[in-house]
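Presented below is the structure to which this report refers.
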Amino acid sequence: MGSRYLDIAATPSVRAAQAHYGSAAQWARFGERGASEEGMPSQRLGPPELAYIAGRDGFYLASVSETGWPYVQYRGGPAGFLKPVDEATLGFADFRGNRQYITTGNVRANDRVSLFLMDYAHRQRLKIFGHMRLVDATDEPALAARLAMPDYSGRIERLALITVEAFDWNCPQHITPRFTQAELEVVLEPVRDEIAKLRQENERLRRALAAREAGPTDGTG
């Protein structure tokens, strides 16, 4: 658990829960500053995190409404559509969807967001705390071009920019392995090749057996 991440997450009520369930000593050195972000240096995503993010084709994004209700939505696209903009910022092109604009409205009132990036096949997950701002794509055409996915159909309405405050890698416990179609294709390709070879060999043996059963012909009719 990254200290910066838990320093933000470990509010007094969280520390009380840890004490109640017997894990206070385990996390005693974290959360002393609670949810305050002032004077705390932000975490910087390193090569392992950036490589992991580049391989993701979706993530879960949480925001909070003005009435205090959390809202979670799934953002999907081609692998790598969530991109590093600079050493402290991630960005993605926000395509037109059902036009409810719940996340859009939430972050304009409270820019704090949480991201969950899952790799079900390898049972990994990366959690990110950040501050999110939205920019109309027409106001930043150069950035829009940078964040666009050329082979992906969809109308870009906004650009989402997330300043990373902290991140944490979770343990694989209780993550059920699941595979995307692309991941299955990689796994199944050698199996399909082997099946094709077996079919060819089976057909060769069938022809050889048929020829043997027919026996030699003497041409006398």
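The values are calculated or read from the model by the stated rules, or taken from the named source; none is laboratory data. Computed from a predicted model, the values in this text were never measured in an experiment. No Cβ is skipped: glycine too gets one built from the backbone with ideal geometry, and neighbour counts run over all protein chains shown. For the accessible areas, the whole protein counts, side chains as well, though only heavy atoms, and no ligand, DNA or RNA atoms are used. Shrake-Rupley method; radii C 1.70, N 1.55, O 1.52, S 1.80 Å.
From its DSSP helices (H runs of at least four residues, each -39,500 (n - 2.57)), the chain gives a residue-normalised ellipticity at 222 nm of -10500 deg cm²/dmol.
When the residues I8, I128 are ordered by accessible surface, computed with a 1.4 Å probe over the protein chains alone, the sequence from largest down reads I8, I128. Only Lys, Arg, Asp and Glu carry charge here, each on its Cβ (+1 for the first two, -1 for the last two); on that basis the chain has a dipole of about 400 debye about its Cα centre. Note on the chain: with a GNM built from Cα contacts shorter than 10 Å, the maximum mean-square fluctuation among R123, R15, R207 falls on R207.
Pick out which of S153, S63, S42 has the largest mean-square fluctuation in a Gaussian network model of the chain, springs linking Cα atoms closer than 10 Å. So, out of S153, S63, S42, the one fluctuating most is S153. Among R158, R125, R44, the order of accessible area from largest down is R44, R125, R158, computed with a 1.4 Å probe on protein heavy atoms.
Projected over all directions and averaged, the alpha-carbon convex hull of the range 62-119 occupies 4.8 nm².
In plain terms, the chain is cut at each of the GluC sites (Glu not before Pro) found in a DSSP loop with at most 13 other Cβ atoms within 10 Å, and the longest leftover piece is 88-221. Spin-label model, F179/H20: points 7 Å from Cα along the beta carbon direction are separated by 4.2 nm.
Axis of helix 12-21 versus longest Cα principal axis of the chain: the two differ by about 60°, to the nearest ten degrees. For the chain, the share of accessible area belonging to carbon and sulfur comes to 53 percent (1.4 Å probe, ligands and nucleic acids excluded).
In the calculated pair-distance distribution of the range 58-180, the portion above 24 angstrom amounts to 28 percent of the Cα-Cα pairs. Tell me which of H122, A196, H174 sits at the most positive position along the dipole axis of the range 107-205, charges placed on C-beta atoms (Lys, Arg +1; Asp, Glu -1). Farthest towards the positive pole: H174.
Derived scalar couplings between HN and Hα for the range 89-104 equal 10, 10, x, 8, 7, 9, 7, 5, x, 7, 6, 7, 6, 5, 4, 4 Hz in order, rounded to whole Hz, by the Karplus curve 6.51 cos²θ - 1.76 cosθ + 1.60 (θ = phi - 60°), x for Gly and Pro. Of the residues V64, V85, V14, which exhibits the maximal mean-square fluctuation in a Gaussian network model of the chain defined by a 10 Å Cα contact cut-off? Among V64, V85, V14, the largest mean-square fluctuation in the Gaussian network model of the chain belongs to V14. For Q124, the residues 5 or more places off, or on other chains, whose built amide H falls under 5 Å of its own are D119.
For the range 75-122, what is the charge dipole size about the Cα centre, in debye to the nearest 20, if Lys and Arg each add +1 at the Cβ and Asp and Glu each add -1 at the Cβ? Once rounded to the nearest 20, the dipole reads 300 debye. Using bins 10 angstrom wide from zero, how does P(r) for the chain break down, in % of all Cα pairs? The calculated distribution, bin by bin, is 7, 24, 28, 16, 8, 5, 5, 4, 2, 1, 0. About its Cα centre, the dipole of the range 171-221 is roughly 120 debye, where the only charges are +1 on Lys and Arg Cβ and -1 on Asp and Glu Cβ.
Rolling a 1.4 Å probe across the protein heavy atoms gives the range 45-194 an accessible surface of 57 Å² per residue.
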